[in-house]
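Okay, so here's the structure we're looking at.
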Protein chains: 2
Amino acid sequence: MADYRQPVVDVPALTTLLDGTYVEVRNLTRKRLVEHAQILQDAREMDREDFRERVLQVVKELAGTGQTGMGFPVQYGGGGDIGASVAAFETMAFGDLSVLVKVGVQFGLFGGAILQLGTQQHHEAYLAPLVRAELMGCFAMTETGHGSNVQALGTVARYDLESREFVISTPDDSARKDYIGNAARHARVAVVFAQLEIGGTSEGVHAFVVPIRDEHGELLPGVRVEDDGRKIGLNGVDNGRIWFDDVRVPRENLLNRYADVTETGVYESAIENPDRRFFTMLGTLVQGRVCVGGAAINASKVALSIAVRYALERRQFGNPGGDEELLLDYGLHQRRLFLPLARTYALHFAQEVLAGQLHAVFSATEEVDERTRRALESRAAGTKALGTWHASRTIQECREACGGAGYLSANRFDALRADTDVFTTFEGDNHILLQLVAKGLLTDYSSSFGELDQLGMVRFVAGLAVETVIERTAVHKLLERIKDVLPGGDETWDQEAGLLDPAYQLAMFRWREEHMLAGVARRLKRGMDADMDPAEVFSRCQDHVIGAARAHVERLVLEAFIDRIAATPDGDNRVALVLLCDLFSLSTLEADRGWFMEHGRLSSARAKAISREVDNLCRKIRPIALDLVDAFGVPAEMQAVEMLGG
Amino acid sequence: MADYRQPVVDVPALTTLLDGTYVEVRNLTRKRLVEHAQILQDAREMDREDFRERVLQVVKELAGTGQTGMGFPVQYGGGGDIGASVAAFETMAFGDLSVLVKVGVQFGLFGGAILQLGTQQHHEAYLAPLVRAELMGCFAMTETGHGSNVQALGTVARYDLESREFVISTPDDSARKDYIGNAARHARVAVVFAQLEIGGTSEGVHAFVVPIRDEHGELLPGVRVEDDGRKIGLNGVDNGRIWFDDVRVPRENLLNRYADVTETGVYESAIENPDRRFFTMLGTLVQGRVCVGGAAINASKVALSIAVRYALERRQFGNPGGDEELLLDYGLHQRRLFLPLARTYALHFAQEVLAGQLHAVFSATEEVDERTRRALESRAAGTKALGTWHASRTIQECREACGGAGYLSANRFDALRADTDVFTTFEGDNHILLQLVAKGLLTDYSSSFGELDQLGMVRFVAGLAVETVIERTAVHKLLERIKDVLPGGDETWDQEAGLLDPAYQLAMFRWREEHMLAGVARRLKRGMDADMDPAEVFSRCQDHVIGAARAHVERLVLEAFIDRIAATPDGDNRVALVLLCDLFSLSTLEADRGWFMEHGRLSSARAKAISREVDNLCRKIRPIALDLVDAFGVPAEMQAVEMLGG
């Protein structure tokens, strides 16, 4: 067993390390959060309508400071730095999340659609006022009947040759736009995704700028809006439903970066394949997923900061006559908090890599090749899924670990948990996102990233030899790397020393990913060879598909953590990070030890050794736990105020 | 593989089977819930103060109908039937849970304490008005600094010989009463748990009736109250904090069923041992835990009813040109909903056994032996823990499985999830409860149930030979039963046919329990033999202690399910129950397959076979899923109304 030196953490240095490239942006954002700390209390005390207005006010104030526009071009009042805008958004997740999500809706979704799908005329018309939050807008994609399968949206935009307008209509209630942020009250303009129809021919889903309210906030003719009402959380955001009854907009309101309609009604696009075109458009909106994942990871940091602090004050039972034990001295309590703590660090570094790649791709002066874009989209999808699930589970565990105190809204778990809950759903349902990841891996991004649907993927994979799948995909590269580390049998590895070897940990993660992917390919093929219905084939191995994707993303997470440690100079902070990385990787293996044993990759003795080592690592983390959460740099004002009646 | 007949479920008959002994009480309660269905909407729309008054009003109306007093003696206006009162309470969990919890506070905790800890004078004085909800009261046990270790409460009740009064005082803020339902607004009387002091000697925690408000709702002198404010859920219940500043009550206000103080200040009790006395008092309050567990299980039924219905309407992806697939046709979606569905059925039957035992013990005309009481308390603790965790996880999964629609408060997951969240904490934190269960098993209830604290348990077990522990405890009986079924090796069992054999399933559950308990005993001994600090010994095997308790309770759950099926006549409904029971037991084994493989009780081939069979069972349940949730008999008014925009 490794003889870790017990590290003394340099908290400010660790915070700086975590803050990374954008340490100044993050510190500035922290300052703004503290200035607006009152909103946390307002969220608990105001009624819904008042709180919506309050959140709008904060968003406008923030916009005035440049806080929310960092990602937009300088000529429209933005900061011209995508990486900075992600860092600012992530850090805002320490504060009220209605503010965060309204910022996301206005600047990420609405502003992002104008920026990415529009052309200069749209930029000139809309960007400056929207960056100043004078022109509020919404992003009207999801419909009640269609959330995940957006290619099948029901809203129609028919081109009227005579008037040279698009006519937007909602054919039935399942095609009403739903859950649309800013729709119920504040949006004057909507970016509406609708099936473009020209002369009776459908050209697929495109985005249109559609005014929905006048400057006094009155709905325009033909637009009907219904409030989505109270939600589990995020009640400072005015979500609503929209119906369009033959609403006419000029031809220029098509966001025409990737496709256009001439005055005479001719459809033109540089991208031939309609699927590819659609998913190229969607791909430009990847920043939203990156931001949501990062925000979720940061919300977890708030919960852990509170729960660790509570566990260091609250006592329970103990030796008669003596002091009672601190909660954090209980082995189970350590497991409850330190496993998510380690995973939070791991996801933080994975998110850092992802945000860096996003910045590189979207700031590139030369054309970025499509494969790189698809890999970015896949990584964003996977990190968003794991990060948001992690937030839900971690915040819940922290709430429970604080008992009755955790149930009081004043102690923040209420808002953290309720507000982040929908993160697993919006910007792409997590299960669907992991299916996209798996599809990318199985087809080696040979098609545009959302292009093949589930059944398309089944048919695609079934059309290849399994060997070909393995050859052609990301899998074979893994195999090479694994062979160097993992010999054939378990015996060679059946000594505890190796457990803390990052090469061993990585090899295990890679082996799992490779084996799961190959297994999915085999099962898909077998099903199709047996003449099963593709839908049935997919249904039967859906959990394997998702398991393989999860294994892939977890491997990326571990690699990011190990790489970050390799780039960290020797010292106590590095020792602390190694402890966390070991705890992340071993607890991940422990959680999946059933699978590893089933597949002959883990002996029962070694599985037990992993569990012992996890306990051991928790005990080593115990003395530095407070430092490790303090290093997140969550402002004191964002943490609980009355946990212990003090 | 067993060739199940595909059953056609007789829904009304299955509802009747589930409703059991108290079918009429449950149907009457359903009727009342429907009459008060408006409260579900009020909960979403009213502000906190108004909603508290509204909930009070409903509670009073229900009290007027006899709905809430079924467990009290007939001479005080009650129904004289404990089992009926549990059934009524469980069923009320289909409706608004603030109403449920306020009923629990008033009639279960406050009324229960007067009934169980008081004597005839207290019954005469308080029961009739409290049963009519004219006298509202609260149960002031928990303090900010002491929730789980209630023997160490800080509030003091000093006997003043001169005035023959008790003087109640709060020594510091950590001893303020906290999270006390009815305290912030409605309670006129509190049952206060405090350290009884006579002439400088402490006699341990006792309960006192302390008036806190006059008839106009004004606080009495010396009583300070603070509102706990907004909570994650249950905002119709007015939780608060109470401080006592030398508040004097007459000697008669000691609830003196188990101990008394004479006028001259002599302490008298029929129970010599103070620990035993205290836990005997607490033991009489077991009904609260039984009720909370049952309510949690029923709240899960509401969530599953909504989520299954949604998954049968919502479509997603599909063959081009054809209909999209129903969500419920996806294999993963089946796993997400049917595993908790099967477990809900299993817990339902376990709860039925528990409620029956509660009724038997508390309705017995002869003295019930202490061992039976301890076993009941243990079973109540374990079922409460598993039932409430199950509710939290199930409701959350159902919310996520309904996507954006699940996030809207109108669709009920908001209240279900927020309101039940604290069930894992109140009436005993689940982890502490499972520690109590383990302690009972390890010491064979040789001491009063709560009597030994954690360290006492460590010392007790360490003082015995491991063989003795195994001999003396519940474990050895299990061993005998296992031997009949499980031969030494896996080989004999390594055929799929056996998986669906209930004898095999039970043997696996029993083997796990036995092995875990013996393992805990060994580890406790080993630690003490190595001269470790008992607190450290306990900390290090705390998760094993809790794992053993969980294994024990799950075994009780499976036994209850199998017994219930054995008592069910042949027919399609029985076939359906067998499907659910198999799914419950195999998915439980699957979830813990890592442990079974580590301990040589499951081969990797057999583990994979279990997973295949779980998938297979899900597909068999798919056609009857709607019937299986309909059989819960959740009134339509309690289910979501606008899931699909219809």
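The values are calculated or read from the model by the stated rules, or taken from the named source; none is laboratory data. These numbers were taken from a predicted model, which means no experiment stands behind them. All Cβ positions, even for glycine, are placed from backbone atoms using ideal geometry, and neighbour counts span all protein chains on display. What goes into the accessible areas is simple: the full protein's heavy atoms, side chains included, and nothing from ligands, DNA or RNA. Shrake-Rupley method; radii C 1.70, N 1.55, O 1.52, S 1.80 Å.
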**Message:** If the reach is capped at under 20 angstrom between alpha carbons, list the lysines near residue A:102, excluding any in the same chain fewer than eight residues apart.
**Reply:** A:31, A:60, A:177, A:231, A:384
**Prompt:** So how long is each side of the protein assembly as shown along the principal axes, counting just the alpha-carbon atoms, biggest first, in Å?
**Reply:** 103, 71, 68
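Let me know the shape class of chain A, please: from the alpha-carbon gyration tensor, a ≥ b ≥ c as square roots of the eigenvalues, rounded when a/c is under 1.5, otherwise prolate if a/b is greater than b/c, or oblate. Working shown, then result.
Details: a/c = 2.04, a/b = 1.28, b/c = 1.59.
Here chain A falls in the oblate category.
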**Fill in**
Of all DSSP beta bridges with both partners in chain A, the antiparallel percent, nearest 5, is 80 percent
**Message:** Using the Cα centre of the protein assembly as shown as the reference point, and only Cβ charges (+1 on K/R, -1 on D/E), how large is the resulting charge dipole? Debye, rounded to the nearest 20.
**Reply:** 1200 debye
**Request:** Could you work out how far the C-alpha centroid of segment A:383-460 sits from that of segment A:529-543, in angstrom?
**Result:** 25 Å
**For residue A:150, label point 7 Å along C-beta direction: distances to other copies, nm** = 5.3
**Message:** Tell me the mean residue ellipticity at 222 nm calculated for the protein assembly as shown from its helices only (DSSP H runs of n ≥ 4, each -39500 (n - 2.57), averaged over every residue, nearest 500).
**Reply:** -17000 deg cm²/dmol
**Prompt:** Heavy-atom accessible area per residue, the protein assembly as shown, 1.4 Å probe: how many Å²?
**Reply:** 34 Å²
**Request:** Would you mind listing the distances between the residue B:173 label point and the same position in each other copy? Use 7 Å along Cα-to-C-beta, nm, one decimal, shortest first.
**Result:** 5.3
**Request:** From other protein chains only, count the Cβ atoms within 10 Å of every residue's Cβ in B:525-533, then give the mean.
**Result:** 0
**Message:** In the protein assembly as shown, if the dipole is taken from +1 on Lys/Arg beta carbons and -1 on Asp/Glu beta carbons about the Cα centre, which of B:259, B:127, A:516 is farthest to the positive end?
**Reply:** A:516
**Prompt:** Over segment A:526-618, what is the mean sequence separation of C-alpha contacts under 8 Å (at least six apart), divided by residue count, expressed as relative contact order in percent?
**Reply:** 21 percent
**Item:** Per DSSP, loop GluC sites (Glu not before Pro) in segment B:100-153 with at most 12 further Cβ within 10 Å
**Value:** B:134
**Item:** chain B, dipole about Cα centre (Lys/Arg Cβ +1, Asp/Glu Cβ -1), debye to the nearest 20
**Value:** 940 debye
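Quick check: with the 1.4 Å probe, what order do A:28, A:441 take by accessible area, largest first?
A:28, A:441
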**Message:** Among A:310, A:337, A:597, which residue has its Cα furthest toward the positive end of the charge dipole of chain A, with +1 on Lys/Arg Cβ and -1 on Asp/Glu Cβ?
**Reply:** A:597
**Request:** For the B and A pair, go ahead and give the buried accessible area with a 1.4 Å probe, both sides summed, in Å² to 100.
**Result:** 7200 Å²
**Residues of type lysines that residue B:525 reaches as a straight line, Cα spacing below 18 Å, ignoring anything fewer than 8 places off in the same chain** = B:439
**Asked** If we hang a label 7 Å off Cα along the beta carbon direction at residue B:199, how far is it from the matching labels on the other copies, in nm, shortest first?
**Response** 10.9
